[in-house]
Amino acid sequence: MRVLSLNSGSSSLKYAVFDATASGENVLLRGGVDRLARSDDEHAQAARGAFERLDAQGLTPDAVGHRIVHGGADRAAPARIDAKLLAALDELIPFAPLHLPAEIRTIQSVRERWPNLPQVACFDTAFHCTLSEAARRYALPEKWSAAGLRKYGFHGLSYEYVVSVIGVPALGRAVIAHLGSGSSMAAVSEGRSIDTTMGFTPAGGLVMGTRPGDVDPGLLVFMATHGVDASTLDDIVNRQSGLLGLSGTTADVRDLLARRSSDPRARLALEVFVWSARKWVGAMAAALGGIDSLVFTGGVGEHAAAIRAEIALGVGHLGVAIDTARNERGDAVVSPDGARCVVRVVSTDEERMVARHTRRVLEVNVAGE
């Protein structure tokens, strides 16, 4: 089965075409566009550009799979996309306003290009369905929990891929750090998520590109009592804060690293990011009762050696150490031999996981028919 995987991030579109079989996924084509504006239309235009590239190379897909950031409380597994599912995703937009509109628009772009092609939604939230009640609950009145206000967790496809590559025995008690424009960590034991930093929406947890991560709820109450309406609050939390808000210029770690020696605000932005990440490594390790592996993945986690080293400096008490030469090379293991905690770098492949799930969903559907 030839599967086109589409991964619409908050500021990027990645795509890949796989020949997906039961024995694995052979990549036929990869591409992507980053630094996209916060525009559904720009994501749709990027998707159409991907379709044109497929056409030029004669790679018409048999199916399309999508990374979907939020599946809500009732979706713990990938599902074929139909009108009912699309309507449900539309209702979930307030939970993930940076991602879902672009993802829905991308699904519609596929329908416009290939009206009869089956499409499958692969939910980032599904990996975290193993959270305990204590881990997923907020200390809110019961009526709000009943309304679905709980921790969902995100970046699940990335975490799932890391587990599949390293293997459960080698991972042990692992903190996996997916660091990018959106950043999160997960505490993984026996290959299962037991806690994670993002919560009800992808705005919580670590400091991110344009999101503040966890803040005192009183800050938002204060803003609301000083004339800031809900729409403006949403813009502050999802588009104006994080590294962008701190630096005043950019949310891109590459740019911040390049200018931090001469720009105090760029330096501060990175210091806050690293400080946040160190604390969350410690919190996830506490949830696990100890740590055997620390895994860096995502665009920043995979490519920013300086950020890996600076995070590790603050968690040496957990047995985390970095071998400078290995880290600069970006080796698969960047900790010294014999270290109590193995520090790894894994190039995540959410697109491959999407292709894998898409094939399985459609083959099960065919078998069921």
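Hey, does the stretch 302-311 have a residue that's of a type outside the set (Lys, Arg), touching a residue at least 40 places away in the same chain (Cβ under 8 Å) and not in a helix (DSSP H, G or I)? Yes, some residue in the stretch 302-311 is of a type outside the set (Lys, Arg), touching a residue at least 40 places away in the same chain (Cβ under 8 Å) and not in a helix (DSSP H, G or I).
Among the conditions (1) in a helix (DSSP H, G or I); (2) over 18 Å from the mean Cα position of the chain (by Cα), the only one that PRO115 does not satisfy is (1). Of all residues in the stretch 175-200, those satisfying the criterion of being surrounded by fewer than 23 Cβ atoms within 10 Å (Cβ to Cβ) and of a type outside the set (A, V, I, L, M, F, W, C) are SER189, GLU190, GLY191, ARG192, SER193, GLY199.
Tell me, yes or no, whether the stretch 72-87 has at least one residue that is closer than 18 Å to GLY9 by Cβ, free of Cβ contacts under 8 Å to residues at least 60 places away in the same chain and in a helix (DSSP H, G or I). No: the stretch 72-87 contains no residue that is closer than 18 Å to GLY9 by Cβ, free of Cβ contacts under 8 Å to residues at least 60 places away in the same chain and in a helix (DSSP H, G or I).
Among the residues of the stretch 118-148, those that are closer than 30 Å to LEU54 by Cα and either in a loop (DSSP other than H, G, I, E, B) or not hydrophobic (A, V, I, L, M, F, W, C) (or both) comprise PRO118, GLN119, ASP124, THR125. Taking the listed residues ASP62, ASP82, the one that is modelled with pLDDT of 95 or more, over 24 Å from ASP349 (Cβ atoms) and among the charged types (D, E, K, R) is ASP82, with no other qualifying.
Does the stretch 257-270 contain at least one residue that is more than 21 Å from ILE166 (Cβ to Cβ), within 21 Å of the chain's Cα centre (by Cα) and either surrounded by fewer than 20 Cβ atoms within 10 Å (Cβ to Cβ) or of a type outside the set (Phe, Trp, Tyr) (or both)?
Checked the stretch 257-270: at least one residue is more than 21 Å from ILE166 (Cβ to Cβ), within 21 Å of the chain's Cα centre (by Cα) and either surrounded by fewer than 20 Cβ atoms within 10 Å (Cβ to Cβ) or of a type outside the set (Phe, Trp, Tyr) (or both).
The values are calculated or read from the model by the stated rules, or taken from the named source; none is laboratory data. Bear in mind the structure is a predicted one, so any value in this text is a computation, not a measurement. Positions of Cβ are generated from backbone atoms using ideal geometry, with glycine treated the same way; all protein chains shown enter the neighbour counts.
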